[in-house]
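Asker: Can you keep this structure in mind? I'll have questions shortly.
The values are calculated or read from the model by the stated rules, or taken from the named source; none is laboratory data. This is a predicted model, so every value here is computed, not measured. No Cβ is skipped: glycine too gets one built from the backbone with ideal geometry, and neighbour counts run over all protein chains shown.
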Amino acid sequence: MVDRKNSCWTNASWRDKPVEQPIAYPDAEELERVLAQIAALPPLVTSWEIEDLTKALGDAAVGNKFLLHAGDCAEDFSDCQASFIVRKLKILLQMSLILFYGCRKPVIKVGRLAGQYAKPRSSTTETQAGQTLPTYRGANINRPGFSAEERRADPKLLLKGHEYAAMTLNFTRALVAGGFADLHHPEYWNLEFFQQSPQTRDYLKTTEKLSDAIQFMESLTGTRINELTRVDFYTSHEALHLAYEQATTRQVPRRRGWYNLGTHFPWIGDRTRLPAGAHVEYCRGIANPIGVKVGPTMTATELVELIEILNPRDIAGRLTLIHRLGTEHIGTHLPPLIEAARATQKRVLWCCDPMHGNTRLSGSGVKTRRFDDIVSELGQAFAIHERMGSILGGVHLELTGEDVTECLGGAQELDEADLARAYTTHVDPRLNYQQALEIALLISRDMCRATGRQPGASHPGHDRLDHPDGETEIGGRCDSGAEPPECTATKRSL
Ligand code: PEP
Ligand code: CO
């Protein structure tokens, strides 16, 4: 068991721990210069937005809200265009409205965007025609083309990524603040593609009912639905590149602790979640809510360690466990993990990522995912949590607003021959616009209410600790350990 409770934390203490998925820069000095530039730039998000998100995630953990956490596997700099951003936001808002209607709860919208640039990879090198080069690691690290120059880790890309994240976020904030009224009216949505699906009538019935409900609500309150359902939109990315994360980690006036102000919701990937590793060390000390991916190799003991390290004070909304076990494994792997988490008596938000455990190669060797596997894992996830008296409070999806052909199946019945038509991802296959909308309809129609929980239900086993405003009672706080002590001589905030 790793004892971090009494070890001091700084925004650089991760440097003394083993770093999984390291990035080798040929020019270390250039890297330090770029990081210093980033550290001096204004933050992308604020500490009070981060606090609001933590509270909202705490509500989702007890079934009062639902988390929709979705976006690209890896953003590309070429995605930083008005049309792409509009379409991504459009699918996220449409999905959130469908989920709001079906699950009867406010939906917390978190995009994998404005900084989802650095990727973990299963292999550090790639070989083509006898030449071996470093793997493509994401837009802020190197370039996808296959030459030594393109695969060189280039620090300047970190600065460019930071600027593109800022531009993406700026436009996203503007859109969320006002320009999207029609998106909240399903009668304006283009749903012709559902004509091809055997479930067409059901889906259309759902959206018609949604339209009616919206019109009723608008006429009753005299307020447009987009104002009624306005919820802040949050950003998220994998906290993989720790030197970059450190550069965006700051102290703010009149608040204790350190915030990563480069994103609201950083998460730790399945390949970097070692309790003794650098990524867990960095994340344990920041004030943001943290996500951790939980893959099929996670043991109950490791999960307990991670919960104790990352949420020692049992703060509601602090820790989201994003399980991504695969449709074949979830039935056996998830129940013991739920039991282990429950035994810690610490509150966690459970979220299902039905994408990353279901990646496979097509007959022609292309990375893909089957729509049916994704739906099957989601259905099992809701059912298992329900059966065990637990709450599945969110979903985590890889999707795009574009008409890509990367995942098989869905209402369009994409098959292997379609994959070549519009396969544009540099990393993992994403749901396209129509597949994403269909997933939201399926969750809304068949799954989320199957939990049988009503808003206001508390987490079983945690009633002792639950407090209406989401704060932990003093007793709970004392029992559960202290914050990681900060070293008195904290290193500069780079
Ligand atoms: C991802 O979310 O893109 C990813 C790499 O996930 P995981 O860490 O779960 O494999
Ligand atoms: Co991915």
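Asker: Tell me which residues, restricted to the range 249-294, are more than 16 Å from ligand 2 (Cβ to nearest atom), touching a helix residue (DSSP H, G or I) at 6+ places or on another chain (Cβ under 6 Å) and hydroxyl-bearing (Ser, Thr, Tyr).
Answerer: TYR259, TYR282
Asker: Still on this structure: Among the numbered criteria (1) under 21 Å from the mean Cα position of the chain (by Cα); (2) more than 16 Å from ligand 2 (Cβ to nearest atom); (3) of a type in the set (A, V, I, L, M, F, W, C), which one does ALA213 miss?
Answerer: (1)
Asker: Looking at the range 26-38, I want the residues that are modelled with pLDDT of 95 or more and have a partner that is exposed (fewer than 13 other Cβ atoms within 10 Å of the Cβ) with Cβ atoms under 6 Å, at least 6 apart or on another chain. Which pairs are those?
Answerer: Pairs found: none.
Results for (1) within 16 Å of ligand 1 (Cβ to nearest atom); (2) of a type in the set (Gly, Ala, Ser), shown as yes or no for each residue.
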residue	(1), (2)
GLU227	no, no
LEU240	yes, no
THR249	no, no
TYR259	no, no
THR272	yes, no
HIS279	yes, no
CYS283	yes, no
ALA287	no, yes
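Asker: Out of ASP418, ASP466, ASP428, I need the residue that is of a type in the set (D, E, K, R), modelled with pLDDT of 90 or more and in a loop (DSSP other than H, G, I, E, B). Which one?
Answerer: Working: ASP418 fails: in a loop (DSSP other than H, G, I, E, B); ASP466 fails: modelled with pLDDT of 90 or more.
Matching residue, one of ASP418, ASP466, ASP428: ASP428.
Asker: Looking at LYS160, is it closer than 27 Å to ALA36 by Cβ, crowded, with 21+ Cβ neighbours inside 10 Å and of a type in the set (D, E, K, R)?
Answerer: no
Asker: Scan the range 251-298 residue by residue and report those that are among the β-branched types (Val, Ile, Thr), touching a Leu at 6+ places or on another chain (Cβ under 9 Å) and surrounded by fewer than 21 Cβ atoms within 10 Å (Cβ to Cβ). Break it down into steps so the answer makes sense when it comes.
Answerer: Step one: filter the range 251-298 for residues among the β-branched types (Val, Ile, Thr), giving 252, 263, 268, 272, 280, 286, 290, 292, 294, 297.
With the extra rule that they be touching a Leu at 6+ places or on another chain (Cβ under 9 Å), the set shrinks to 252, 263, 268, 272, 280, 290, 292, 294.
Scanning the range 251-298 gives a single hit, VAL252.
Asker: Any idea which of (1) of a type outside the set (D, E, K, R); (2) touching a residue at least 24 places away in the same chain (Cβ under 8 Å); (3) more than 16 Å from GLN94 (Cα to Cα) is the one ALA422 doesn't satisfy?
Answerer: Going through the list (1) of a type outside the set (D, E, K, R); (2) touching a residue at least 24 places away in the same chain (Cβ under 8 Å); (3) more than 16 Å from GLN94 (Cα to Cα), ALA422 breaks only (2).
Asker: Of the conditions (1) buried (at least 16 other Cβ atoms within 10 Å of the Cβ); (2) within 16 Å of ligand 1 (Cβ to nearest atom); (3) not in a loop (DSSP other than H, G, I, E, B), GLY393 clears all except one; give me its number.
Answerer: Looking at each condition in turn, GLY393 falls short on (2).
Asker: If you go through the range 15-35 one residue at a time, do you hit one that is buried (at least 19 other Cβ atoms within 10 Å of the Cβ), assigned to a helix (DSSP H, G or I) and of a type in the set (Val, Ile, Thr)?
Answerer: yes
Asker: Ok, one more. Which of the numbered conditions does GLY326 fail, given that it passes all the others? Conditions: (1) within 19 Å of GLU281 (Cα to Cα); (2) part of a loop (DSSP other than H, G, I, E, B).
Answerer: Among (1) within 19 Å of GLU281 (Cα to Cα); (2) part of a loop (DSSP other than H, G, I, E, B), the lone unmet condition for GLY326 is (1).
Asker: OK, next. Does any residue of the range 326-345 turn out to be of a type in the set (Lys, Arg), away from ligand 2 (no atom under 16 Å from the Cβ) and surrounded by fewer than 22 Cβ atoms within 10 Å (Cβ to Cβ)?
Answerer: yes
Asker: Among the residues of the range 210-226, write down those that are part of a helix (DSSP H, G or I) and without any contact (Cβ under 8 Å) to a residue 12 or more places away in the chain.
Answerer: Scanning the range 210-226 gives ASP212, GLN215, PHE216, MET217, GLU218, SER219, LEU220, THR221.
Asker: Go over the candidates GLU386, GLU377 one by one and state the one that is away from ligand 1 (no atom under 16 Å from the Cβ), among the charged types (D, E, K, R), closer than 30 Å to LYS55 by Cβ and assigned to a helix (DSSP H, G or I).
Answerer: GLU386
Asker: Inspect the range 87-107 for any residue being of a type outside the set (Phe, Trp, Tyr), away from ligand 2 (no atom under 16 Å from the Cβ), surrounded by 15 or more Cβ atoms within 10 Å (Cβ to Cβ) and modelled with pLDDT of 95 or more and give the result as yes or no.
Answerer: no
Asker: When only residues in the range 350-374 that are among the β-branched types (Val, Ile, Thr) and over 23 Å from TRP267 (Cβ atoms) count, which is surrounded by the most Cβ atoms within 10 Å (Cβ to Cβ)?
Answerer: Taking the range 350-374 and keeping what is among the β-branched types (Val, Ile, Thr), we get 359, 366, 368, 374.
Now restrict to residues that are over 23 Å from TRP267 (Cβ atoms): 366, 368.
Details: VAL366: 14, THR368: 22.
The qualifying residue surrounded by the most Cβ atoms within 10 Å (Cβ to Cβ) is THR368.
Asker: Determine, yes or no, whether THR344 is within 30 Å of ILE85 (Cβ to Cβ) and more than 16 Å from ligand 1 (Cβ to nearest atom).
Answerer: Against the criterion (within 30 Å of ILE85 (Cβ to Cβ) and more than 16 Å from ligand 1 (Cβ to nearest atom)), THR344 does not qualify.
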